[in-house]
Every structure is written in C-alpha cells, then in structure tokens.
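Report on the structure given below.
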Amino acid sequence: MNGLCRALGAGLLALLMGCASTAPRPDCSAAHAVPWQAVVPGLWVWQPDVVGEVSAANAGHVVPTSVVVSGGEALVIDPGPSHRHGLRVRDSLACRFGAQVRWVVNTHAHAENVLANSAFADRLAAGQLEILSSDGTRSAMQQRCAACLASLGERAGQGAMAGTGIVLPSRVLKTGELLRVGPHTLRVLPPAPGHTESDLVLWDEASRVVWAGGLVVDQRLPELAQGGVDAWLSALDRIAALRPRHVIGNTVSSTLDDRALPPAVVVTRAYLAELRARVLAAMDEGRHAGESALITMPAYARWAGYAQRQGFNVQRAWRELEPVWMERGPGQ
Ligand SMILES: [Zn+2]
C-alpha cells in the first residue's frame, strides 16, 4: 500500500487510501545523504567517520545509528545525538528508501544515542510512530536528559545541537515482545544492566543480528556509567550464548566463522575481565581506593576515551568489587 501511495503522490488521495503517513516528502535534492552500510538485507548502519569521544568535529556522532527497512516502513535504533542528525536519518530514509519511520528504539539513556528523538516529535504527536525503550531507560531519560542535553551541547557545540528538544519514549517494551519489519523479527530480550542501569538487547534470530546498545565496544573504552562490571560480564555471556553473526552496539562487528564471536564481543569482555582482575589484585596487595590511579591497562591506552575514563572505571569497579573481595578473602 505504501508504495502505491507514494506513486500517487497526492496527500488527500493518500489519506483516502489509508496510507501510513501523509507527511510531505523532503526536498531530496537538498537532503544530505547518509553513507549507509548494509549489514544484512534490509538492515543498514550509519557509523561515525572516526572512532572517538564526543567533540565539535563529530557533532556528537560517536555511536552507530541503525535502521531496518522494508515495504516503505522503517525502524530506527538509536537515532543519534541531535535533532539535525535525526532529520538527516529521516530524510535519507524517505529519499533513498521511500520509507517512513514507524518506530524509533532507544537502547539506553545516553545523550548520543537518544537525543535525535527530537527529529521525530511531529510524527509522534500525529500518531504516526512510536518511540520505544525499556522502562528503566525511560525513567533514566526523565531524570537525566536535561543535564545530558546541556552536557552534549558543551562538548559537541551548540550549533550541532540546535533545535534539539527532549522527547521521551512513548511506550515501554516488554520482554519477549516482537518488533516486526517486513521479514525481520526483533525479539526484546530482558534488559541487562551493565553499561547503564537498563541496556536493551534485541535479537533477530533469522539474521543472527543482536543489538547490544553500549554493552559492546571496540577501540573506544567501555564506560561503567550507571552499570557494573559483573552485570556487564553476565550480559556479554548471554549475548555470546546467542551465537550472533553480527553485533550492533557502540560499534558494528561481524564474524564469518560460525564457531567464533564477533570480535568486539571478545575485546569488550577482555577489557572488563582484566579490569576486574587487576582491581582485585590491587586489593590483594593491600592498596586502597585512593591509589586506584596506579591501575593502568596499557593494552587499551590507545583506545579513545582511555585518558578520560580509565580512572573512573577503576573507581567504579573498586566500589563494586570491595564487598566481593571481603567476602572471598584475599588472594583467592
Ligand atoms: Zn552509552
């Protein structure tokens, strides 16, 4: 039906035909194309040009935006950092794929992932799309988004963030719920704390694609923001047990070897396991939390965010693991 409606190209007729949207098409000659990369048929990602921290140079685009497109409909996962970014996604979907966005999913409550909800506010108000997240993410966005918007503006630049408003999810996803876009079925797995208090995991079993939000990284230091080391490691174990071929998180990682995991799952796990081991070893040596700056991890020193976050991660891990260490006793 949607293809027919586009062909007819008349708003009134489209309405009479019961089309999903009567929104005018953008000026595609002026739309700034998105360099979409195909992951599997119907699934595309827009990755940052360079792995890095939020800066004016990248306008806050530091995590991938992904879309599932079929039959003139699109589902957007983590629309990005700003109104401008979200509009570019929306216009590109209309111009390149002839698709209207019907669903936006927020994997977790971080500014660089969710603030582009702003670009879909009009369609949300018109009842033409839903914005979806876990209950924990919606609550966290209510609490933190104002501060996150201000913070992102300081780092990415006010120009990059122009027009960005806070738009909260309109519906909470239930564990086990299925999101269907054409041939793709995305299952909502139980939210996993780890990177934040509630990290959404979606699983497309037929395509063996898992969406892992901020739980999977590569070349950019993990951020123990509101989560914890042990919960994060458990979440990665559950993701690994799915035997995904592709993982879309803070990076996009794939394997051609069905016996192997996408490399980013392996390296994220390795960082967290080493962090855990080194913090416990420091406790064994009688060090205290004030000396946590002594815990360096040179293998990751070249990763983006190491200078900014390694000390913070150690502090977070120390606080979490102190009771674990006291419980088990030293040196075990
Ligand atoms: Zn995040």
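Observations on the structure shown:
- The single condition among (1) touching a residue at least 12 places away in the same chain (Cβ under 8 Å); (2) open to solvent by 50 Å² or more (accessible area, probe 1.4 Å) that residue 189 does not meet is (2).
- Among the residues making up the stretch 189-232, those that are more than 15 Å from residue 78 (Cβ to Cβ) and away from the ligand (no atom under 16 Å from the Cβ) are 189, 190, 203, 204, 205, 206, 207, 208, 230.
- Here residue 202 does not fit the description of being touching a Phe, Trp or Tyr at 6+ places or on another chain (Cβ under 7 Å), of a type in the set (A, V, I, L, M, F, W, C), open to solvent by 20 Å² or more (accessible area, probe 1.4 Å) and within 19 Å of residue 176 (Cβ to Cβ).
- Hey, residue 172 β-branched (Val, Ile, Thr), surrounded by fewer than 18 Cβ atoms within 10 Å (Cβ to Cβ) and away from the ligand (no atom under 15 Å from the Cβ) or not: yes
- Restricting attention to the stretch 284-306, the residues that are among the hydrophobic types (A, V, I, L, M, F, W, C) and either touching a Pro at 6+ places or on another chain (Cβ under 7 Å) or open to solvent by 60 Å² or more (accessible area, probe 1.4 Å) (or both) total 3.
- Count of the stretch 118-142 residues which are within 15 Å of the ligand (Cβ to nearest atom) and either without any contact (Cβ under 8 Å) to a residue 60 or more places away in the chain or crowded, with 24+ Cβ neighbours inside 10 Å (or both): 4
- Total residues in the stretch 45-69, condition open to solvent by less than 30 Å² (accessible area, probe 1.4 Å) and in contact (Cβ under 8 Å) with a residue 40 or more places away in the chain: 14
- Output for the stretch 208-240, where each listed residue is polar (S, T, N, Q) and over 17 Å from residue 313 (Cα atoms): 234
- Failed item in (1) touching a residue at least 24 places away in the same chain (Cβ under 8 Å); (2) over 16 Å from residue 217 (Cβ atoms), with residue 265 passing the rest: (2)
- Looking across the stretch 70-86 at every residue that is among the charged types (D, E, K, R) and surrounded by fewer than 24 Cβ atoms within 10 Å (Cβ to Cβ), the one that is farthest from residue 245 (Cα to Cα) is identified as 84.
- Restricting the stretch 95-117 to residues that are assigned to a helix (DSSP H, G or I) and open to solvent by 10 Å² or more (accessible area, probe 1.4 Å), the residue that is nearest to the ligand (Cβ to nearest atom) is 112.
The values are calculated or read from the model by the stated rules, or taken from the named source; none is laboratory data. None of the values given here were measured: they were computed from a predicted structure. Note that we place each Cβ from the backbone using ideal geometry, even for glycine, and neighbour counts take in every protein chain shown. Side chains included, ligands, DNA and RNA excluded: accessible areas come from the protein's heavy atoms. Shrake-Rupley method; radii C 1.70, N 1.55, O 1.52, S 1.80 Å.
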